[in-house]
Amino acid sequence: MARKGAKSNGALAKLRRPKPDAKVRDHDAHVLVCGGGDCKKRGSKEFRKALKKELRDKGMLGDVRVDSTGCLGLCKHGPNAVVYPGGTWYVGLTQIDVPEIVERHLEGGEPVQELAARFHPRKKKSK
């Protein structure tokens with residue numbers, strides 16, 4: 001669907017901005033740590049610091065990107081984090097969980113099921 005007022009004869013291509021000259025570094029994994037208010041109160045900042053320290057100590061900091069986000073939801077179960085690829089949600093995290101997550105998941109490639117949230121199927125939309 002064309003933008004309002006745009007011509008369909010290629011005028012859209014002229015409206016596009018050039019790509020920024022940014023280079024995105026490739027990582028083996030990306031960990032998003034909730035930085036929302038409830039998770040902060042429950043220790044997400046300390047968890048993130050411990051995670052980065054463990055990764056640094058193991059020489060993995062360049063392989064795993066760790067970012068703090070806004071609220072991820074599931075506030076009453078926090079601190080929470082999501083690991084990609086795979087989208088594994090970890091809930092109720094503490095600094096004690098860091099070595100296991102790093103060793104088993106980020107090094108070994110297998111999510112730590114005992115710490116991961118259980119997924120349930122989406123409700124089917126009624127037609």
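The numbers here are math on the coordinates, done by the rules we state, and not lab data. Only a predicted model underlies this, so the values are computations on that prediction, with no experimental measurement involved. Cβ atoms come from the backbone with ideal geometry, glycine included; neighbour counts cover every protein chain shown.
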- Task: Answer with a single label: of [x] 14.5; [y] 16.0; [z] 17.0, which was calculated as Kirkwood radius over Cα pairs in Å from the structure in view?
- Result: [z]
- Tell me what the chain gives for mean residue ellipticity at 222 nm when only DSSP H runs of n ≥ 4 count, each as -39,500 (n - 2.57), the sum divided by the residue total, rounded to 500 deg cm²/dmol. -5000 deg cm²/dmol
- Query: Among His77, His27, His120, His105, what is the fewest-to-most ranking by other Cβ atoms within 10 Å?
  - Reply: His120, His27, His77, His105
- Message: For Ser68, what residues show an amide H to amide H distance below 5 Å, using hydrogens built from the backbone and excluding near sequence neighbours?
- Response: Val33
- Query: Which value, in debye to the nearest 20, gives the size of the charge dipole of the chain about its Cα centre, when Lys and Arg are +1 and Asp and Glu are -1 at the Cβ?
  - Reply: 1420 debye
- Message: Testing the spin-label approximation: label points 7 Å from Cα along Cα→Cβ at Arg104 and Cys75. State their distance in nm.
- Response: 3.0 nm
- Of Lys23/Lys45; Lys76/Lys125; Lys19/Lys53; Lys49/Lys125, which ones are farther than 32 Å apart at the Cα? Lys19/Lys53; Lys49/Lys125
- Per-residue Cβ neighbour rank within 10 angstrom, fewest leading, Glu103, Glu114, Glu54: Glu114, Glu103, Glu54
- Just name one of His105, Ala29, Met60: the one whose Cα is farthest towards the positive end of the charge dipole of the chain (beta-carbon charges, Lys/Arg +1, Asp/Glu -1). Ala29
- Message: As I understand it, the value is the acute angle between the Cα axis of helix 44-57 and the longest principal axis of the Cα atoms of the chain; what does it come to in degrees, rounded to 10?
- Response: 80 degrees
